[in-house]
Amino acid sequence: MEKKKILLDCDPGHDDAVAIMLAAGAPSLELLGVTVESGNQTLEKTVRNTCRVLQWIGREDVPVYAGCDRPMVRDKLTAGDIHGETGLDGPVFPPLRKQPESEHAVSFLIRTLRAYEGDITVVTTGPMTNLAMALRLAPEIAEKIRRIVLMGGSCTNGNVSPAAEFNILADPEAAHVCFTAGRPLTMVGLDVTRRVLCTPEVVARMAALDTCASRLFVDLMGHFCRTQKAIFGWAGGPLHDPVTIAYLIDPAVLTTRPMNAQIDLSRGPSYGRTNCDAYDYLGLPATADVAVDIDAERFWDLVEEGLARYGKEAQA
Ligand code: BDR
Ligand code: CA
């Protein structure tokens, strides 16, 4: 079986960390590198967290690239209320050996997309700053992107404002650049990610695996589920970002519908909203395949299979 080549752009972040573990371990995926920007925490912290996760699971061979330390236009927005002071509060990490590469994430994205024959899927689970900057610097790379799969947006309510979801509101102009790049794009928004809540039963199920990855999952979810409950009242934290990777492993996990989707760039109360024209009021061409339903049972099976693939040790 030919592996799907992916670039993962993220801002760990508890749910990003789980996405990294699934992407790095999936036999059907080839993770070419992980690019990082500021988002859930400052760039320095999100890069450190990415290295921590890869070291923990014994995948120091996966290259990490630090990217943009702020959004393209707006002021920086972080999510310390959910992810804590470090961006990955909860687990106690061993001393860090793994370091990022010296090349900037944006130039790595451009270099890598240029080098391949249009068979790379770019997955973003943070603000879309790095990808947007790459598209602005080297517009010809757009045609080399097989598909953009992003966690972000919502057809209904947001999670940082009534209208907007965090990854989009953290850099709406960047999201606009990516949504208008003319490439196939799958939007995995709150409409589906809020249907996969990591309840205590899920945590117990993953704990029973007792692999290095499942142990990290349990430690991460301890903090994440507590803050999600305190802020939103959920019975468990919505495991947003890993849905993108689960979808690449098994597309049947999501039901998507083509829609015209545009980012609200007005500076009013709807700034950062993903306007998804589900009923085709505007009669405009579809710009995104929007996830409208998720097979939650299949999703948790994929998470379990992913965490089970790792050995007991690593984490040294
Ligand atoms: C998104 O925002 C971040 O806090 C999470 O990591 C996820 O990518 C959910 O809105
Ligand atoms: Ca994220």
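Quick notes
- Residue list for segment 168-189, restricted to those being farther than 19 Å from Val106 by Cα and in a helix (DSSP H, G or I): Leu169
- Here is the figure for segment 127-153: residues that are open to solvent by 10 Å² or more (accessible area, probe 1.4 Å), in contact with a Leu (Cβ under 8 Å, 6 or more places away or on another chain) and touching a residue at least 40 places away in the same chain (Cβ under 8 Å) total 1.
- Residue list for segment 287-316, restricted to those being in a loop (DSSP other than H, G, I, E, B) and more than 22 Å from Leu185 (Cα to Cα): Arg309, Tyr310, Gly311, Lys312, Glu313, Ala314, Gln315, Ala316
- Residue within segment 92-104 that is part of a loop (DSSP other than H, G, I, E, B) and crowded, with 21+ Cβ neighbours inside 10 Å present: no
- Failed item in (1) aliphatic (A, V, I, L, M); (2) under 22 Å from Glu2 (Cβ atoms); (3) within 16 Å of ligand 1 (Cβ to nearest atom), with Leu113 passing the rest: (3)
- Applying the criterion of being out of contact with any strand residue (DSSP E or B) (no Cβ under 7 Å at 6 or more places or on another chain) and under 20 Å from Leu131 (Cβ atoms) to the residues of segment 38-67, the residue that is farthest from ligand 2 (Cβ to nearest atom) is Thr42.
- Counting only residues that are closer than 16 Å to Thr193 by Cα and among the β-branched types (Val, Ile, Thr), segment 248-279 holds 4 of them.
- Test: Val192 is closer than 26 Å to Gln41 by Cβ and either part of a strand (DSSP E or B) or more than 16 Å from ligand 2 (Cβ to nearest atom) (or both): no
- Only residues that are without any contact (Cβ under 8 Å) to a residue 40 or more places away in the chain, out of contact with any strand residue (DSSP E or B) (no Cβ under 8 Å at 6 or more places or on another chain), outside any loop (DSSP other than H, G, I, E, B) and not β-branched (Val, Ile, Thr) were counted across segment 202-227, and they come to 3.
- Scanning segment 44-89 for residues that are without any contact (Cβ under 8 Å) to a residue 60 or more places away in the chain, in a loop (DSSP other than H, G, I, E, B) and open to solvent by less than 10 Å² (accessible area, probe 1.4 Å) yields one hit, Val62.
- Considering the conditions (1) away from ligand 1 (no atom under 14 Å from the Cβ); (2) of a type outside the set (D, E, K, R); (3) under 26 Å from Val196 (Cα atoms); (4) open to solvent by 10 Å² or more (accessible area, probe 1.4 Å), Ala26 is excluded by exactly one of them, (4).
- Top-ranked residue in segment 1-37 [being within 13 Å of ligand 2 (Cβ to nearest atom) and in a loop (DSSP other than H, G, I, E, B); ranked as farthest from Ile249 (Cα to Cα)]: Glu37
The values are calculated or read from the model by the stated rules, or taken from the named source; none is laboratory data. Because the structure is predicted, anything quoted here is derived from the model rather than measured. So basically every Cβ, Gly included, is an ideal-geometry build from the backbone, and we count neighbours across all protein chains shown. These accessible areas exclude ligands, DNA and RNA; they are computed on the full protein's heavy atoms, side chains included. Shrake-Rupley method; radii C 1.70, N 1.55, O 1.52, S 1.80 Å.
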